[in-house]
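Here is the structure we will look at.
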Amino acid sequence: LMASHPPLSGLTLVEAALRVLNTPCPHDKAALTDTIASLWGSGDIALAYNPNPDAPHEAPPDKPARDDKVILVEPSRAGRLGKGGTPETRIAILHSLAHIESWAIDLSWDVIGRFGRKRQMPKEFFDDFVAVAVDEARHFKLLAKRLETLGSHYGALNAHDGLWTSAEETCNSLEARLVIEHCVHEARGLDVLPGTIAKFRNNGDEASAELLEKTIYPEEVTHCAAGVRWFTYLCCRKDATCGDFEIDDQMLVPGEGPLDGGLNPSGEEKHTRDESELLKKLSLKTLANPEPRLDKNASTQTKFHRIVWRHFRGVLKPPFNDEARLKAGFGKEWYEPLQFRPEWEVRGAREERREFDAFFEKKRKDEAAAKAKADLEQAKARAREDSNRAIFLL
């Protein structure tokens, strides 16, 4: 049963969003989502946010409240889901999807509570993400019910919170949040979901396949579309900030440069002063290596690519669900170039790697030459000692 909450009357939508984020139980989050959406739709929640700039404003939590019903582990320890050939693996897949949907509820309300007032977004923005939140809540409830039908329940298995990690990394940028969460991660879901549906269907679980195919899959397309639509809107409104195309000389973020984590030898090895100076030089060079200047008239897709490279460490891997992605509003020109890291980044990395390797190759040769010289001097000294000893014996 849903826990009791203070009344929602008199709240703005942003304030109501914080109620969801601060609610620990995912089932309660889903129920509260439906209530808030109904009040927003009826006009009982009339304002998206208080337009008074001097009004007090509660910040959203760094991480949404969560109860302890699901045991959280590191992503590397979550285990592989399998191919759905057994009831256990199909339950594991459904449990993973339910967990993702539970976080998607929070993500939908977080984008409202964190960015809606700050960026003074129009009512349609709030309408869209309330609708997304309602969808995610429905998906969670349906998946949780399906787990119970199969003799399990949400919380029966371990899970990880990798989805929220990327949300934390985009907490200062609405553009980055829209791009990474909706146009990278959710779009990747569109790529893999047909294969997931096939796993259930091929193994005789038609009910689960129907749930994914008829309800969740088509609605996830609209969620990706929301990301594309509102990112495009911000670009057209020409107030897309977040340092992605307002600051041309933006340095690479420490820890995200092409060679970060690869320059320093591992372990407790001590460096000489020269080595330390080189490592410092190369590190600073990586950080100070500016991205190419982005023209103020750059296309929306070019800005999209720049944000992906800023906030996404890997590359996008095919195969892509071109049909679903096109329905969401972005064609191949948006995502196909993201299969490879940008040349300007890779080129700088190659140059630094060569300089790094050359330094230590020279160091190795100098040390070998110094050792050879020392060995030679030692051999000469022993020869002189032997000669002196022979003369003394004579």
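The values are calculated or read from the model by the stated rules, or taken from the named source; none is laboratory data. Given the structure is predicted, the values throughout are model-derived calculations rather than measurements. For neighbour counting, all protein chains shown are included, and Cβ atoms are generated from backbone atoms with ideal geometry for every residue, glycine included. What goes into the accessible areas is simple: the full protein's heavy atoms, side chains included, and nothing from ligands, DNA or RNA. Shrake-Rupley method; radii C 1.70, N 1.55, O 1.52, S 1.80 Å.
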Those residues of the stretch 72-131 which are in a helix (DSSP H, G or I), among the small types (Gly, Ala, Ser) and buried (at least 20 other Cβ atoms within 10 Å of the Cβ) amount to Ala92, Ala98, Ser102, Ala104, Ser108, Gly113, Gly116
Tabulated pairs, the stretch 74-87, first among the polar types (S, T, N, Q) and modelled with pLDDT under 65, second open to solvent by 80 Å² or more (accessible area, probe 1.4 Å) and in a loop (DSSP other than H, G, I, E, B), C-beta under 9 angstrom, 6+ apart or interchain:
none
Do we find that Lys63 is among the charged types (D, E, K, R), in contact with a helix residue (DSSP H, G or I) (Cβ under 8 Å, 6 or more places away or on another chain), at pLDDT below 90 and assigned to a loop (DSSP other than H, G, I, E, B) in this structure?
no
Filter the stretch 329-374 for residues that are of a type in the set (A, V, I, L, M) and either open to solvent by less than 50 Å² (accessible area, probe 1.4 Å) or not in a helix (DSSP H, G or I) (or both); which is modelled with the highest pLDDT?
Leu338
Among the residues of the stretch 135-182, the number that are among the hydroxyl-bearing types (Ser, Thr, Tyr), free of Cβ contacts under 8 Å to residues at least 60 places away in the same chain and more than 25 Å from Phe231 (Cα to Cα) is 1
Of the residues that sit in the stretch 288-328 and are in a loop (DSSP other than H, G, I, E, B) and open to solvent by less than 40 Å² (accessible area, probe 1.4 Å), which one is modelled with the lowest pLDDT?
Glu291
Filter result (modelled with pLDDT of 95 or more and open to solvent by 60 Å² or more (accessible area, probe 1.4 Å)) within the stretch 143-159
Lys145, Glu148, Thr149, Leu150, Gly151, His153
Filtering the stretch 24-61 down to residues that are over 17 Å from Glu101 (Cβ atoms), small (Gly, Ala, Ser) and under 30 Å from the mean Cα position of the chain (by Cα), which residue is most open to solvent (accessible area, probe 1.4 Å)?
Ala59
From Leu178, Leu211, which residue is under 17 Å from the mean Cα position of the chain (by Cα) and crowded, with 20+ Cβ neighbours inside 10 Å?
Leu178
